Each structure stands twice: as structure tokens, then as C-alpha cells.
Amino acid sequence: MNLREFSFGNPTRERGNSDFHPTIAIEDCNTLLTSNNADERLENDMSKTALDLSLLSRRNFLGNMYTGLAGVGLMHLLHNRAQADQSDWQPGRGMSHFPPKAKRVLQIFCPGAASHMDLWEYKPALEKYHGKPLPGEENFVSFQGKNGNLMKSPWAFAPAGECGKHMSTLMPHMSRHADDIAFLHAMHSKTNTHGPGCVFMNTGHPTEGFPSAGAWLSYALGSENDNLPTYVAIPDIRGEPPNGKANWANGFLPARHQAMMMSDQQPIRNLSRPPVISQAEETASRKLLDQLNRNFAEANPANTDLQARIAAYTLAARMQLSAPEVSNLSSESRATHEFYGTHDENDLKAAYARNCLLARRLLERGVRCVNLYCASRASGVDGLLNWDAHKTLKPDYERHCPIFDQPTAALLSDLKQSGLLDDTLVLWTTEFGRMPTHQSGTAGRDHNPDGFTCWMMGAGVKGGVSYGATDEFGRRAEVHPTTVWDFYATVLHLLGFDHEQLTWYHNGLDRRLTDVHGHVVEEILA
Amino acid sequence: MLIRFSIVEVFLIGALSAAPTVTAAEQPVDFQKQIAPIFEQHCVRCHSPGNNKGELSLATFDNLQENEYVIAGKADESYLLEVVTANDGDPPAMPKEGDPLSDDDVELLRRWISEGADWPSDVIVRERSRADSSWWSLQPLADVEPPVSESIPAAWNINPIDWFVYAKLAEQGLQPNPPADRRSLIRRATYDLLGLPPSPEEVDAFVSDPDPQAYEQLIERLLDSPHYGERWGRHWLDVVRFGESNGFEKNTVINTLWPFRDYVIQSINDDKPFDRFIREHLAGDVFGGDDPNVAVGTAFLVAGPYDDVGNQDAEQIAQIRANTLDEMINSTGQAFLGMTLGCARCHDHKFDPITQRDYYAMYATFAGVRHGNTPLATPQARSERTALLKPLNKRKAELEKAQDDLKEKILKRAHDRLDHYEAIWPRPPVDRTGTEETFEPVVAKFVRLVCEAQDINPQATVFRVDEFEIWSAESKPRNVALATNGGRATGEARKIEDFPGAYGPQHAIDGKTGARFISTTPYLTIELAEPTPINRVLFSSARGEQTPEHSKFVFVADYRIEVSDDGTSWREVAHGRDRRPVGNKPDRPRSKAEPPTHRDHRLLHLETTDEERRQQAQLSRELNTVKREITRVPELPDVWIGTRNRDDAQGPFHVFLGGSPQKKGELVVPASLSPLNNVAPKYQLPGDVDESARRNKLANWITDPNNPLTPRVLANRVWHYHFGTGIVDTPNDFGYMGGRPTHPELLDFLARQLQQNGWRLKAMHRLIMTSQTYRQSSKFRDGAAAVDGDSRLLWRYPPRRLSAEEIRDTILSIAGKLDQTMGGPGFRLYHFMQDNVCTYVPLDKHGPETYRRAVYHQNARASVVDLMTEFDQPDCAFSTPHRAQTTSPLQALTMLNHSFTLDMARDLAERLQREAGKNRRRQIARAYELCYSRKPTADEISACRQLIREHNLVALCRVLLNTSELIYVQ
């Protein structure tokens, strides 16, 4: 391994989080270092002093504040680390390891385990063998209990687009995007439980406490827009997904990398000046505050935190102006509203459509990562409020799909027409799939962690392709099984990152979004 | 026997194998010395039982032989040689990662196979970890002599800490700062020990105290304050990942864990010896007799997140259980030993000399522990309760038996007259897919369905309806119930707070099936657009469903239909009591806990005589009285210390290959961790020893005087909290991936001091805080920073930002609103909602009930709380060895706009007026003393006065609460 010197101005070091070091990005925990002697490698680095306060521009600050004097450190002596090859890459400055295809990400999440064989992956064998036992797994027990015989999808599949991909007729609008989508039909998960499953799909780990993909992105790239958050989560009107806020949390990354929650129904918290305070009072108060904070910062010039704090108040003020503007959907044309379905008589559909429109407005203003949830409520009566169709698949999905279909398809069309899709990566995800059988005594399907579909579209993604497949019934990933880690290795690749080199030290390991796994799915790259 | 290669051995072997082999040609190849190192270096990383790439392991000979990768004596036919040999300019197929084998190595392999491929069965090839047992942190505590520095200033020549620190500074040509002024010092020390600002009076008293021992007295006063335990208890709660909800999908709030928080605070205030404190965490229920104040320590074991969603899939159940134990093992390793044990779950630790066997020895140790409540009480309290309950329970059983006997007598009589009853039930039973009633036309404005008995449990009267139709008595009948025809449905429904209509009565008249009204009372009422003649209703809970029998579609069994003109006086127009009972299958034995069948439910109702009714009423009255008395006997307090389960602890226990419970490897027993075998007394327990003995043994081993990790890790934590960074800057990780100590000798000195002082932290605080190292100023010097920018060598005291808790406590404190009540159930800054899973919504308004210290906040996992989350309060999914310290615009938004700031600004303004009168100058001066422990400058006074003049004092207070100076300690 080519060991390079540390850059002492490396801003990845954060005061107060000394668990983090400018670090070799460990390829995985199998990687061997070539030397056990850190001092030997690093003895020449002592003389370097590279704190450049001018680096602390406003933009750097938002993306990647130094909090403390990162400059010269002796701590490098104290770690057996070497710098990764991408030594001139620095997090939070819009830099990537290599030129990216995508600059931002829209991730649409349908929690509850949206059924692959009823939405995306056509399984004619289910029609043929409907009512017959699943060969080799008769009466097997899964998450909720016993399974019955094979059950065909209640909806026909029809070829869509020039690629002729068979898609469910339940989603006529989505089928017009068939030629732009790369389906990953052989996804599989480690868990059959929604909460861990959602967290796994979002963080690469089935337990809580790890950063979500959006938080990693915020850490890696920083902000593209100083006036808006870097990472926004838009929960569905029906409620938070399983495991709630852990799905868009910063985990062990600094708090600023967590998603800011907002939706058309729910503005950003604490955004508005309290009504009891007049504009004049606000202006005068902020002026005094700025003055006092500046004086304190000048008296303590080494503490760059203090300058960051002054900048934070300026940015907060900008956000107060920008966020209401971005949420103001009334500036959109009537045609746009109709296209998305924002005034649909189905309140749930209208609410989701408005969130779709909000997502586009956030993306076009430079928000790096938007997580958009559809039918997200964690629980309640199965399948009524999310995609968890245990007992009544048909009525459940006939309720959810019309809500999802038109607004999502409109959002995708809109991104495409506006050119935004050229450098925006769209992901559609769910936490796992459903069984090809019906659940014993019901007309629904149980959880299936062994096979499910996710898809990608947009920047750098080949359209009209399907990678991998489950077996003929949809029971298990069979052709090119694909993990969540492969999924994110690919996502990071499209964003210009080597997933093995994007790391953060935490409690004994250089942690990654892809854990110690993951291969880029080259086959779906354009 | 297992063979592990120590570093030394392998270096020797490496030299051997790399040496020219010419001279060794006559000697047969020695597998252990010559071949095993090749496999170890190039192969087993991927091809081991835990990894098994290509379904191949080179740990033992088995796989090579089975797959005919090696055919003894036939090197040319052995596939192994083919894959490691370059072919026609192509690099060899293996190893996939890393350098190819040298020609010499390939030649050795060829010779080994030719000579018969002898692989002694007791040699297992394992990947070697980066560090071995010679790693610095695994060595015994050194008996260190503090270094002597010639040039040391007199003041630095008193406290041994200063000798160590000064020597390191001198090595780098650095000088420490002069002492901090008294204002800075009291502020620093008070925040450090109490997490609160000093009062202006305390500052003045200290600044003007002529006593040369004033500082030492200050430290004593602070150590005696009960707030000390709150501050340092909070640190420890971070370390032990204390969180009061179970996390994962349900994330249910835990209301019985706060006694552990109180125990931590109390123990720290009492300066309980920390080795005992640690032992109580692991086995307090074992050695503490029945003392609840000791057993409560074991809440540590179950204070972490765990998955409690039911699962029927056996493999998943095993996996979830393994995850739960993994959480306990990891937390134990990190909190007490600074070891990342979790890395040895799927394979031997790649970096530290921790084997999978070590990990699964811990697994066996904790296997008997599950999450949950256990009543904690003294033996006396237990026996008192039992004595009180015994007669009551006896009486209760008697009464219940009398009730059952009576019921049985009546039922028996009824069954003898079954023909009679069945004759009055001529109509078919209710049908979930559609039940119809027709009646004489009647003009109605209101129609309601009243449930008299439910079809699953006839004693219940709640039900579900997907559609309820009311048909007009017209030539062209219309469904006048439909919302689109002006119908309006009402009825109490199951509610989801943040999505209210989810199960509401509107589903019954929307013309669509699939979604259901879920009642919580017996009624569904429909108001028609106008009084209408009607003569038919049709209702269902499973219309069009393929499996209407499923309990999801629970329906009415007995019911009546009533009409009304005004919605208050009702008239029955139809009922279902003449329908045959539902589910009237031949009697099967039913347990007493089960509700009666619908038929028996009816029979009981019809057959009971007036006299029997009187008897039943009498029995009910008496039973209710007894039940009331039972509830009056005080419950033993449930505490979240987990449950202990003999069955779970039943071995045998195995290594899980690759971490999978489905792949069992070698047997393991509860045992000490092998990396410390050379220094601490190792142990192995029989696999069937009681689970309590396993934890007790581990607790003793962790706190054994010869275990160097525990005191090192603890001393380092104390240092970390005093200086912002530890001597080792990764307090949870003293392994290869962690930091190295800046002052290794000092660390060992402190660890020894800790042991010698009976593991009491207060002595450590005194030692550290009276050092000049601690007392020096935080003044920044360019020259020193050029050498040591982070001040890891402590040429200045490193300033720090307050933690989230300190910020909130400070604001409350200076506003004069801090409620100093200690202990008891926590307060909440979120609204808690539960609909199977739980949701935590941050509060817009923080009332006075939240004005306690933040350590008493009931921290739920995966929740976001204003102010606390933005200022880096951790989620407590993991042990948090130190707080992040970040700055973001969100902090500014919250601090400027949340009503808490406004309330506190108002309270502070009132306080200033109260304490400083109407004079603005004095108000400002008071504010500065309260907020910053100093007096304002003339410029500051004039700037502040201007804001008060133009607006008001509250505006100034809001500004001050937002200033940086408030939240940074110098």
C-alpha cells in the first residue's frame, strides 16, 4: 500500500470527537497494514504546520467546520494509521474521490416491504402454480407464522417501454419510465423485521446508531447550497417509518449530518421568528449578538469554533428566508400541480404529491440528498398504512399504488424534462420483499428477506435494464444476488466515491456505509 | 490443542521461508514451520471457517483434501498449485488480494505435496491479529518513577502529575501557561465537577478569599455537592449507553430504568469504590444478597437497545438473540476494558489478539440474561407482601370457583334444554361478508348499529365494519348512508394520534371496502342527510375478502339496529338475537381463561334465574372487594435489570462460524479473555455452571488487581473528562485501532493511584485538579501551537464547549428556574405516542415540569429533542466515549426561536429586575455576572443599554442566552 503523509490541515479531525482521526481508510478489516511502526512512517511529519484560517470560509464551514484547531497535531503519532491514497480529498468540500456522475440523490422509500412480485418482478410461474405448494418449502414458517400455497399476483403484468419490461398494470404511470430504470431484482436482506430492515437499507447496518446514507453524503460532500440543509427527510403524512428517525440519523457522525425533517405538512422546526418578536427587535438583537460573539471570537482567536458559530447564525438567518420559499408550492403552475396530482380528491395522494413537488424544489436548489417516504407509517393494522400486506394484499395495494403511482411518475418526468435527472441519482428502495405464498388463512403475503427489488435511475445509470433475479417464484435471490452494501457501493461510485475509502473511526473500527462488504454493480452503469 | 503463532515466531518463520531453500533440500518440508506461514499470510484471510470464500477453508486439511485441491504425492494434479502459479504471463488466480506467492513459496508447496502433504491434525492455521499480547495496553501496570526535570518551576514540582506533563513538554521545548485567574478557575472547576455555572456570590467569595488553600477548599466544596454525582453520573451514563427506550421497531419507552440512573448518581456522590461499582454492574444481583440497591447495578446489562418484535422464523429468532447478546458483550468490553470484543464475533479480531473463542466465552457468560423487569425488594418486603396476599388470593380463588360452579350449573341445565333454545334461533348466523336486515319502512334521521356481543369474544362489544349500507324504501332504493349521499358516520374508533382518521367511522360509509371502522365502543351511528323512509340495512366487515374468517375482520355476533329522529331517543327496528350463534361447534374443553362460546354466552343469559342473578351479583361484589384489597397491597417495584433464565444458559455453547448461529464451530465455556492470560489470573468455568456464577466470576476478573486494562481505562476516562481528551484519545478502544497514550507513564501512574486510593474517583479529582497542569490558563500561544496544536501535551488548559446538558442546565440556572429535585422518574421533552410502535415528537413548549437537570430527562432512542440533539447529545445506541462538539445553523434556529429560550429570557429579565432593581447598568452588570462570571466592559454596557432602550430587557436576555461566551469554558 502506498502510504502517504498526513495532511495536517486535514479537517476531518474534529475536536471533541477524538475517536475520529485523519485516517487510512481501511479497505476492510482484512486489510493488512504494511508496518507496525507508526512513528517510523510519520516522524517527518512533525514539522508540518498547515492551519490556514482562510480555509474557514462560509462554505467550508457549513460542509465541514473545523471545530477546534485542527492544525498541528501530535496525535498522528498515536495512531497506527496511514493516509489513504486519496490524500488530497477532503470531506465536506464538495470534493469526491473521482469525477462523479451524480451530484445529488433522491431516495424514495416505501416502507413495510413493498412486494417485488406484485410491483416490479414479473413471475409467470406464480400464475401457473397458483394454489400449489412452494416446492421444497411446504408449510414453512416465516415472520408471522405459517405460509400457505403459492399465490399469484392479483394484477396482470404488461410490457412497458421500448425495453418491453413487464411491469404491474397497477402502476400505469410508472410504467412510462421503464426505459430509464435499472432494476435490481436480486436484493436480499439480513433481517425479516421492518425496523432493522429499514435501518439496514438506509445505513448498511441492521442495528441502530449508524449514519444513514444521506448523512454519509453530507459528511463526504458538504453542502451545495448555503441557504438550505444538505440533507432533508420528507416523512409521509401517515407517519414515520419503522424505527423512525434512526432512518435518517447521523449515527456516530456529528449531529449536523442528520437529515432535517420537513414536508408539505410539517415545516422545519424552530424556523420562524416567534410572533412576539418584531422584525425591528430581531434585527437589533441579532446585531448585538453578532457584535458580542465577534468580540469573544477575537479575544480567542485560536478557537475556530467561535467563528463557525458566528457563521452558523448568519446561515440560520438565510435559511429562514430560503426554506419558506422552497416550501411555497403555490408558485408552481397549475399544470404542474395537475401533473403531480396535488389537488387529488384522495387526501393521502394529494399530500404525497405535494411532497413529491417539494422534493423537486429541494433538489433543484441544491439539497444534496432527499429522502422521500410513501406510505411510511411504522405499524398500525397491517398493510393499511404502509406496504406491509400481510392479510389483504389486494385492497392494500389498490389503496397504496394509486397514491404512489402518478405523483412519483410525475416527479421523475419533471426531473427528466428539466435536465435535473442528468446529475441526480434516483433510488427506489424498500426494506425487503414478500413471500410468493399467501400467509396461512389470509390473502396476504408475509415478510421475505431473501429476495426483493430496488431500482435506480438517472445520473450514470443505464436505463431499461434488469440486473439479477429471484427464482421462478420470487422466493429467493438467485441470479446475481445483490446486497444492500452492493447497492450503496454503486451509489457511492456514482457520486464519485470509493465506498471502501469513505470511513469514520468509531469505537474500534473505521466504519463504512458498506460495512466490510460491497461491490459496485458495474452492469447497471451507463 | 490449538496453535497460534506469536509475532516473534512468525517473524522468525518468515525469515526462514524467505531464505534460499537449497541447503534445506535434503530435509523434508516442515508443515508447521514452512507451509502454515504461507497459508496464514496469503490464504486464510478469505479461506477460513468464518469467511469461507469459495466454500473453502485452509484452516485445516479437510477441505483441501475433500475437494482434491491437494492430492498427496501428486503435486502436478493438485489444483492448489495451479491457482497460485502464474500461467502464460497471466498473474496467478490466487491470492485474489495481495501479492502472489514467491517462487520459493510455490516450490515449497510443491515439495510438501510431493512428500505426502503431511498436515498434523492438531495444527490449525489462523489469521494473526495485528497486535498480539505484547500490545502496550495488555502489559501489567508499570511501577513508574515520575521523571525529574532540571528546569521545572517550583510550582510544578509538587504534584507528580506535573512532573510527567512537564517532562513531555520539555522534550518538545514547550513551556506551560501561567496559572489561570481565579474567575476562570472557579468557572472551570464548577462546570467540570458540577456541570453548572458558579453563582456570582461564589465567584466573588473565591476571588477575594485570602486563604492560600482557597482553591483546595473550593474543590472540596464542589466534591461534596450532590450536583457532582449528577454531572459525573451523566458521563458514566454515556459510557454504559443508558437509554430509556428499547430502540428498534417498537422503541417502547422504558419507565423502570430510572432507578439505575439514580443508583449511578448516588454511587458517584458516595464515592463508592469503582471496582465494586463495576462488579455491581455485572453481578450485583449475585453477590449483593437481596439488596435492591446493589442488584439495580445489573440494569447495566440491559440498558442497551434490543429487538423485541415477535418473530416466528427460528433462524431469525436465533440471530436476534445473538444480536442482543452481542450488544451486551460489546458494551461490557468497551465500558470496562476498552476492548472492541464485537470485532471477534464473526472471525478472530483482525487487529487485537481477541479470538472468536474469547468472544463466545463472553456469550456463554451472558447467555442467561434477557431484557425485562424484575421486582426488586428486600427479603423482608417480599415476605411481608406474600403474607398479606396469601389470604386474599385464597379468598379470591374461592369466590372465582363459586362463580364458575354456578355458571356450570346453569349451563348444564341449559344444555339439557338445547332443543328449546335452538328453536328460537331459526335464522342463519351473521355473515362477515354481508349481514342483512329488512324491516317495515320507517322514517329515520339517525340509524345505529349496537353491538351486544362480538363474534370472537362474546363478552366484548367492540367490532369492525368495512361498510354499512342503509337503503331507502323507495321505488328506486338508494344507499342513503353513503357519504356521497349526505350520510355522516360517528362512533368512537381506535386512534392514532398523529394520523387521527386512520380507523375512523368514515370508512363505513365511503362506498369502498378494504379499510375498516375499528370501534372502541358498541356503537356505529349514521346520520342521514334528511329524514328518509328506510327498510333495509346491509353491513359487513370482510366484504369481498378471500379469508373472511381471519381475526382481522372481527365482527358483531349479537346486535340490534335502532333508529331515531333526534339522535337521543332510539327505537329498535331489527336485531340478530334470533340468528343461530356463530361458531357453534361441538363443545371442546375450553380453559377458564377463554371466553365462552357465543352459544354458551347466550345460554347463560337466557337460562339464569332471578335468584341465580342475585347470587351472581353477590359473588361479583365480594370478588370486587377482594380484588380491590389485593391492589391495595403495595406492589414490589419493578426495575429494568433484566431477567435471569436458566434455560437460556443451558449449554453447550459454540463458536458461531462467520457469526451465524446456524454454523456451530468449536465448543466454548465461560472463561476469561485470553489476551490477558499472561497478566491476570485466567479462568475457565464448567459449561454447566450457574449463570450467576459466570457473571460473578467475570466481574471479579475484570476488577482483579492484576487486570491492567480496567484501571487504565478508568483513569483515562477521568482524565478525558477533565481535559476534553484522554491520555488515550479513544477511551473505548485501547487496542490497535485506538490511539496511543500521549503520556504512557502518567497513565500507569494514575491507574496505580486509582487502585491505591481504593478505586475512589474523588481522590483522582483532587490529584488532577490540584495539579498546575489543570490550573494553568487556556491562553493561546502561536509558538506552542505550532508544535502541538491540539495541546495534547497540555501547554495550556484546552477550552471546551459545554455539553447539551450543561447548556440547558446553565440556562435554567441563570434564569433562576432550575428545579434541583433529584431522582425519581424522568421528565420528557417529547410527546410520546404509541400505536404498537412508538413515536416521539419534540415539544414546542417546555413547561416548569421540565426545569430539572437534563440528566433526569427520559432519553428515548431514535428521538430528536430540541436543543439537546442539536448540541450533540448522543442517541445512546452505543457506548459514547466522548461527546462530539459541532456547530450548526440548527443550533442557532433552536436557540433563537424555541419557546424555551423566550421563556428563559423572560425569567432572566425578571430575575435581573428583582436582584438589580430598575437601574439598567446594574441589570446589565448582574446579567454578566450570572452568565459569564465577570463584569461587563463600558462598551458592552453601552451596547446592551441600547438594545434595552430600543426594545426591552427580555430582548437583551435572549441575546445573552445565545452568546458564545455563555457556552464556552476557558
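Overview of results
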{"item": "Inter-centroid distance (Cα atoms) of segment B:879-951 relative to segment B:652-731, Å", "result": "48 Å"}
{"item": "Cβ-defined net charge surrounding B:A381, 11 Å radius [Lys, Arg +1; Asp, Glu -1]", "result": "-1"}
{"item": "Calculated on alpha-carbon atoms, Rg and Dmax of segment B:606-714 in Å", "result": "27.3, 84"}
{"item": "C-alpha center-to-center spacing [segment A:269-308, segment B:515-533] in angstrom", "result": "57 Å"}
{"item": "Nearest-ten-degree value, helix B:274-287 long axis tilted from longest Cα axis of chain B", "result": "40 degrees"}
{"item": "Along principal axes, Cα extents of segment B:427-579, largest first, whole Å", "result": "40, 37, 30"}
{"item": "Neighbour cut-off at most 13 other Cβ (10 Å), DSSP loop, trypsin sites (Lys or Arg not before Pro), segment B:43-136", "result": "B:K74, B:K96"}
{"item": "Residue order, fewest to most beta carbons within 10 Å, for B:F780, B:F446, A:F200", "result": "B:F780, B:F446, A:F200"}
{"item": "Mean residue ellipticity (222 nm) of the protein assembly as shown, computed from DSSP H runs ≥ 4 via -39,500 (n - 2.57), nearest 500", "result": "-11000 deg cm²/dmol"}
{"item": "Distance from segment B:366-381 to segment A:476-510 (C-alpha centre basis), Å", "result": "42 Å"}
{"item": "Label point distance in nm, B:N293-A:R334, each placed 7 Å from Cα along Cα→Cβ", "result": "7.7 nm"}
{"item": "Potential lengthening between A:H519 and A:T169 on full extension [0.36 nm per residue; Cα-Cα distance subtracted]", "result": "122.7 nm"}
{"item": "Gain in span if fully extended, B:E145 to B:E66, counting 0.36 nm per residue against the direct Cα distance", "result": "22.5 nm"}
{"item": "Shielding of B:498-511 by partner chains, average beta-carbon count, 10 Å", "result": "2"}
{"item": "The protein assembly as shown - share of DSSP beta bridges that are antiparallel (%, nearest 5)", "result": "75 percent"}
{"item": "Solution diffusion estimate, µm²/s, Stokes-Einstein, chain B, Kirkwood Rh from C-alpha pairs, 20 °C, viscosity 1.002 mPa s", "result": "62 µm²/s"}
{"item": "Computed E for B:L667/B:S551 - FRET, C-beta separation, R0 41 angstrom, nearest 0.05", "result": "0.40"}
{"item": "Proximal lysines to B:K697, defined as alpha-carbon separation beneath 17 angstrom and excluding residues fewer than eight positions away on the same chain", "result": "B:K682"}
{"item": "Above-threshold pairs, the threshold being 22 Å between Cα atoms, out of A:K146/B:K512; A:K132/A:K391; A:K103/A:K462; A:K190/B:K663; A:K152/A:K391; A:K128/A:K462", "result": "A:K146/B:K512; A:K128/A:K462"}
{"item": "Distant alpha-carbon pairs in segment B:900-969 (separation over 21 angstrom), percent", "result": "12 percent"}
{"item": "Stretch gain in nm, segment B:N457-B:N255, where the contour uses 0.36 nm per residue and the Cα spacing is subtracted", "result": "69.6 nm"}
{"item": "Ratio of Rg to Rh over segment B:750-806 (Cα coordinates, Kirkwood Rh, two decimals)", "result": "1.09"}
{"item": "Zero-based 10 Å bins, Cα pair distances in segment A:338-481, whole percents", "result": "11, 33, 35, 19, 2, 0"}
{"item": "Ranking of B:I641, A:I108 by count of other Cβ atoms within 10 Å, fewest first", "result": "A:I108, B:I641"}
{"item": "Debye equation applied to the C-alpha atoms of the protein assembly as shown, log10 I(q)/I(0) at 0.04, 0.05, 0.07, 0.08 Å⁻¹", "result": "-0.29, -0.46, -0.90, -1.15"}
{"item": "Sites B:D404 and B:T568, calculated FRET efficiency, Cβ-Cβ separation with R0 45 Å, nearest 0.05", "result": "0.65"}
{"item": "Which of B:E469, A:E121, B:E408 has the fewest Cβ neighbours within 10 Å, and the rest in rising order", "result": "B:E408, B:E469, A:E121"}
{"item": "Formal net charge of residues neighbouring A:W387 (Cβ-Cβ distance under 9 Å; K, R +1; D, E -1)", "result": "-1"}
{"item": "Furthest towards positive pole of dipole, B:F832, B:W795, B:I807, structure part segment B:792-835, Cβ charges", "result": "B:W795"}
{"item": "Cross-link reach list, lysines versus B:K272, counting only Cα pairs under 18 Å and skipping chain neighbours closer than eight places", "result": "B:K762"}
{"item": "Label-point separation in nm, B:E216 to B:T386, each point 7 Å along Cα→Cβ", "result": "5.4 nm"}
{"item": "Straight-distance crosslink candidates among lysines, where the alpha carbon sits under 17 Å from B:K250 and sequence neighbours closer than 8 are dropped", "result": "A:K245"}
{"item": "Cut-off 10 Å between beta-carbons: net charge of the residues surrounding B:H347, Lys and Arg +1, Asp and Glu -1", "result": "+2"}
{"item": "Of all DSSP beta bridges in chain B, antiparallel share, percent nearest 5", "result": "95 percent"}
{"item": "Spacing of the two label points (7 Å from each Cα toward its C-beta) at B:K33 and B:K935, in nm", "result": "8.4 nm"}
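Each reported figure results from applying straightforward, stated rules to the coordinates on display, with no laboratory input. Owing to the predicted nature of the structure, the values given are computational and were not obtained by experimental measurement. Note that we place each Cβ from the backbone using ideal geometry, even for glycine, and neighbour counts take in every protein chain shown.
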